[in-house]
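See structure below.
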Amino acid sequence: MSNIVAIVGRPNVGKSTFFNRLIQRREAIVDSASGVTRDRHYGKSDWNGKEFSLIDTGGYVLGSDDAFEAEIDKQVELAIEEADAIIFMVDVDSGVTPMDEDVAKLLRRVDKPVFLAVNKVDNSARAADAVEFYSLGLGEYYTIAGINGSGTGDLLDALVEALPDETEEVEENLPRFAVVGRPNAGKSSFINALIGEERYIVTDIAGTTRDSIDTKYNRFGFEFNLVDTAGIRRKTKVKEDLEFYSVMRSVRAIEHSDVCILILDATRGFDGQVQNIFWLAQRNRKGIVILVNKWDLVSKETNTMKKMEADIKKEIEPFTDVPIVFISVLNKQRIFKAIETAVQVFENRSKRIKTRELNDTLLPIIENTPPPAYKGKYVKIKFITQLPTPQPQFAFFCNLPQYVRDPYKRFLENKLRDKFGFTGVPISIYMRKK
Ligand code: GDP
Ligand code: GDP
């Protein structure tokens, strides 16, 4: 779980250039795991050993020029509400613009750390030009050039210094479910069906960060925490029809959960926005259950369910080992099954396979189907172990780790799934030198 940093600012100031620089640096280091898909506007980064999630809010601005202003205001308000720190980017080339002043006005009222980054300062003459940004009333600024990284070190030093320390994980080993999805999919209805009356609430546990609360429930014979972030509980002034809205909310909820219950509306299907949320959960290595809600509205023929399931699986390739449950919250159809499935996914995610069992099972399979020779070299996998991480990660020790290609890693992943049962859970596979 990490802090969320949002980059705000008007179009063309250089937000995505800066974002890509921070994300790629890290992706090169960590994302050697198989089956990774990129989401351009959201990613993990770290600096001085402190990890944070970065959101490029500008990535969500669509539409015409005059729509920009209203849109940006909304995004800034959301960033203020959901992020732990904000980078406000402006452009030294264009100087202070009225839109910058609008954004600054919103940011001056915030009691979260705000960093003013004056971008495109590629030389010292431009550094002198930056002083005019004092007029925004945000105090000290950082001159940077996102394009080559100059100045970004000082900015990041200050940023991670200001981020709150990550608090301890909740000790109790109860599943933590986040209910996510597009607006109107039926999330609130599902949560209501889930938690029923007040008497089912056992206790409020102070959550893992200032503004998230895990509420413990005891329902259908299961105990679980519902990750009820500020975002889920409160309704903002912001209109809910923004893609950005549901993504930003989802980021927060997903980060704090073990299992994401992704609800979609059967009459709308698995569209781009649902996919975005799915990848957020997948990239965060959370357990996932897909609930296709409003099943009562679908006219059913013999194979409707099978066909829809196949369609969804196509959308989520290559990570298709995910349970899909067709429900109707309205008719209380399969609600119990949905929870049972989520609990099962939680258990799969917590599963620890003994080294001995892992090697006894997989080494003969590998012996039979070894990695294909690459550039005339033969790879010999000698030993496998599960890493002591909260989610399943496996290290395969071998002589030439760099020669094992993605298709073979996927083969190993599928065998792990077949033999040990990791439905709903992303698996990471690392080849290590031995
Ligand atoms: P966004 O709309 O805020 O995400 O802006 P982009 O990252 O797409 O950048 C807009 C333009 O500014 C692009 O042409 C970038 O190449 C350019 N740009 C970004 N950072 C710098 C910089 O540090 N110096 C200069 N000279 N140009 C930059
Ligand atoms: P949220 O925005 O995701 O929290 O969605 P809501 O829970 O507010 O539901 C949006 C709308 O869908 C409401 O009018 C619900 O009554 C309706 N709805 C929720 N679940 C079902 C269902 O299973 N069947 C039908 N027909 N409507 C549903």
Rounded to the nearest 0.05, what FRET efficiency do K382 and K105 give with R0 = 51 Å and r taken as the Cβ-Cβ distance? Could you check? 0.25
Within the set of other residues whose C-beta is less than 13 Å from the C-beta of D154, count the net charge using Lys and Arg as +1 and Asp and Glu as -1. -3
25 Å Cα-Cα reach of K15 towards lysines, excluding residues that sit fewer than 8 places from it in its own chain: K44, K50, K74, K105, K112, K120, K239
May I ask for the distance between the Cα centers of region 258-298 and region 336-397, given as a whole number of Å? 26
Counting only residues 5 or more places away or on other chains, whose amide H sits under 5 Å from the amide H of G424 once H atoms are built in the peptide plane? V322
Region 311-413: C-alpha gyration tensor shape, a/c 1.5 cut-off, then a/b vs b/c: prolate
Among 413-422, 179-188, how do they line up from the highest to the lowest mean number of other beta-carbon atoms within 10 Å? 179-188, 413-422
I need to check one value: relative contact order of region 345-399, counting alpha carbon pairs closer than 8 Å and at least 6 residues apart, in percent. 35
Label-point gap, in nm, between N359 and K112 - each point 7 angstrom along Cα→Cβ: 4.8
Going by how many other Cβ atoms sit within 10 Å of their own, how do W47, W295 line up, fewest first? W47, W295
Taking amide H positions as placed in the peptide plane 1.01 Å from N, state which residues far from R432 in sequence (5 or more) or on other chains have amide H under 5 Å from it. F396, F397, C398
Normalising by the residue count of region 278-351, find the relative contact order in percent from Cα pairs under 8 Å and 6+ residues apart. 40
Burial ranking of peptide ranges 252-264, 122-134, 333-345 (average Cβ count within 10 Å, highest at the top): 252-264, 333-345, 122-134
Please list 3J(HN,Hα) in residue order for region 330-338, calculated via the Karplus relation 6.51 cos²θ - 1.76 cosθ + 1.60 where θ = phi - 60°; whole Hz, with x for glycine and proline. 3, 8, 6, 8, 6, 5, 4, 4, 4
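Bear in mind these aren't lab numbers, they're just calculated from the coordinates by the rules spelled out. Since we're looking at a predicted model, the values are computed, not measured. Methodologically, a virtual Cβ is constructed for each residue, glycine included, from the backbone with ideal geometry; neighbour enumeration extends over all protein chains shown.
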